[in-house]
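Report on one structure; see the data block that follows.
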Amino acid sequence: MNKRLISIDVTTGIYSEFIDRWVAMSQLKTSSYTCVANVHMLVEAHNDPDFAKIVNEADIVTPDGMPLTWGLKLIYGIDQQRVAGMDLLPDLLRKAENTGISVFFYGGTQNMLAQTEKFLIEKFPSLKISGMISPPFRSLLEHEEIEIIEKINQSGAQLVFVALGCPKQEKWMASMRGRIHATMIGIGGALPVMVGMQKRAPEWMQKASLEWLYRLVQEPKRLFKRYAVTNTTYLWLLARAVVAKKV
């Protein structure tokens, strides 16, 4: 079931149901995409109707950030579990290893993918890795796009993890639905954290909805403007939505 939270339709349900649904779609090689939604994505969608359409046409939109689960609680009274990229990535890989689902990684630098391969071989030795691609940091030429589609499809991949960052990865996945015959999930910054290239916030900060602050301390130059603007905007939009519901 989806619930509209300001600008995006968030999929609700218990965490295990999301995992089971991804596994089922992967086994059927359903051409689909999942948006792992946080405050940044919600505000981007609020500011850009075209991007909002892309998010809201996704097969699944998970509530990644704690602020989104709080928003669902305030507006709908739903005690929604967080379905975060940093949790679902290792959990899905473990499930894929146990069920024989083949995985593919698209995005990130060559160094990151090299670290990813090393990590997967060590932690998930029986996992079927169909391939990895580090695309150029520019718009793809038509023939390059076709080559990538063919490479992923010919690899036999059933589950494609996309690490291009928001909103680029969501736009890419939407353009690939019906062309790539696999279940695509936008994992954003979860990959470098999983493989140890970045550290994740302590559990108490995650529960207190302060994971953004931990990331800001790690990358202040890149993230300060984003968080200063998006967090403030989200709080204002959420307050307005709560007031509108009570009127």
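When you scan the stretch 30-121 for strands (runs of 3 or more DSSP E) that lie fully inside it, which ones turn up with 1 or more residues that are under 27 Å from residue 243 (Cβ atoms)? Break it down into steps so the answer makes sense when it comes.
Details: elements: 32-37, 60-63, 102-107.
Ranges flagged: 32-37, 60-63.
Within the stretch 95-108, one or more residues are more than 13 Å from the chain's Cα centre (by Cα), of a type outside the set (Lys, Arg), at positive phi and crowded, with 20+ Cβ neighbours inside 10 Å. Does residue 9 meet the test of being assigned by TED's automatic domain parsing to the domain that holds residue 181, outside any helix (DSSP H, G or I) and surrounded by fewer than 21 Cβ atoms within 10 Å (Cβ to Cβ)? Yes. Exactly one residue out of 89, 164, 120, 159 is touching a residue at least 12 places away in the same chain (Cβ under 8 Å), more than 29 Å from residue 42 (Cα to Cα), in contact with a helix residue (DSSP H, G or I) (Cβ under 8 Å, 6 or more places away or on another chain) and not β-branched (Val, Ile, Thr): that is 120. Among the residues of the stretch 13-39, those that are over 15 Å from the mean Cα position of the chain (by Cα) and among the polar types (S, T, N, Q) comprise 16, 26, 27, 30, 31.
Assess whether residue 127 counts as being closer than 29 Å to residue 44 by Cβ and aliphatic (A, V, I, L, M). No: the conditions fail for residue 127.
One residue is enough: does the stretch 125-140 have a residue meeting the conditions crowded, with 20+ Cβ neighbours inside 10 Å and within 23 Å of residue 38 (Cβ to Cβ)? No - not one qualifying residue is present in the stretch 125-140.
As a summary of the residue check, residue 148 satisfies the conditions (1) in a helix (DSSP H, G or I); (2) touching a Cys at 6+ places or on another chain (Cβ under 8 Å) except for the one numbered (2).
Of the residues in the stretch 17-24, not one is in a helix (DSSP H, G or I), modelled with pLDDT under 95 and not assigned by TED's automatic domain parsing to the domain that holds residue 229.
The values are calculated or read from the model by the stated rules, or taken from the named source; none is laboratory data. All of these numbers come straight from a predicted model, not from anything done at the bench. Backbone-built Cβ (ideal geometry, glycine too); neighbour counts: all protein chains shown.
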